[in-house]
Amino acid sequence: MTGVTLDTGALIALDKNDRRVIAVLARALQVGAKVTVPTTCFAQAIRQPARQVRLARLIRQPGVVLKDLDGLDATQVGLLLSQSRTTDIVDAHVVICARRNAQSIMTSDVRDLQKLDPRARLIAV
């Protein structure tokens with residue numbers, strides 16, 4: 001396992017104690033695989049930090065990397081949106097992060113992510 005990139009749906013599922021998400025994350029961290037959390041997704045998922053303990057715990061784990069939407073990624077996101085004729089910046093950021101790290105994507109938006117990258121390895125939640 002090279003690791004996994006989480007989209008907003010996966011973060012929300014984790015927050016709701018989804019056992020499948022918890023199992024995938026536990027396995028990834030156990031084998032030393034990197035877990036990538038785009039900050040755009042984290043911003044969509046975090047609403048009550050004091051109550052969302054699972055999310056707060058996740059981002060503090062060794063092996064979990066928060067990836068900002070910096071200038072380089074913003075350019076790549078724009079290009080991907082243009083190529084795919086879609087408009088969701090957050091979904092495109094997820095795809096860019098996963099591509100960079102050769103990771104699978106844990107998502108609740110399989111159809112939308114397939115439009116952005118038909119070859120992406122997707123784990124549906």
Those helices (runs of 4 or more DSSP H) lying entirely in region 1-80 with at least 1 residues open to solvent by less than 50 Å² (accessible area, probe 1.4 Å), farther than 16 Å from Val125 by Cα and at pLDDT 95 or above: 39-45, 53-60
Any chance Ile12 is touching a helix residue (DSSP H, G or I) at 6+ places or on another chain (Cβ under 7 Å) and more than 19 Å from Val95 (Cβ to Cβ): no
From the options Ala92, Ala98, Ala120, residue that is outside any helix (DSSP H, G or I), of a type in the set (Gly, Ala, Ser) and open to solvent by less than 40 Å² (accessible area, probe 1.4 Å): Ala120
Residues being within 13 Å of Thr8 (Cβ to Cβ), touching a residue at least 40 places away in the same chain (Cβ under 8 Å) and touching an Asp or Glu at 6+ places or on another chain (Cβ under 9 Å) - total across region 70-125: 12
Selection count, region 29-58, where residues are within 12 Å of the chain's Cα centre (by Cα) and not charged (D, E, K, R): 11
Hey, Thr107 touching a helix residue (DSSP H, G or I) at 6+ places or on another chain (Cβ under 7 Å) and either among the β-branched types (Val, Ile, Thr) or more than 26 Å from Asn17 (Cα to Cα) (or both) or not: yes
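The values are calculated or read from the model by the stated rules, or taken from the named source; none is laboratory data. Please read all numbers here as calculations on a predicted model, not as lab measurements. Neighbour counts are summed over all protein chains in view; Cβ atoms, including those assigned to glycine, are modelled from backbone coordinates with ideal geometry. These accessible areas exclude ligands, DNA and RNA; they are computed on the full protein's heavy atoms, side chains included. Shrake-Rupley method; radii C 1.70, N 1.55, O 1.52, S 1.80 Å.
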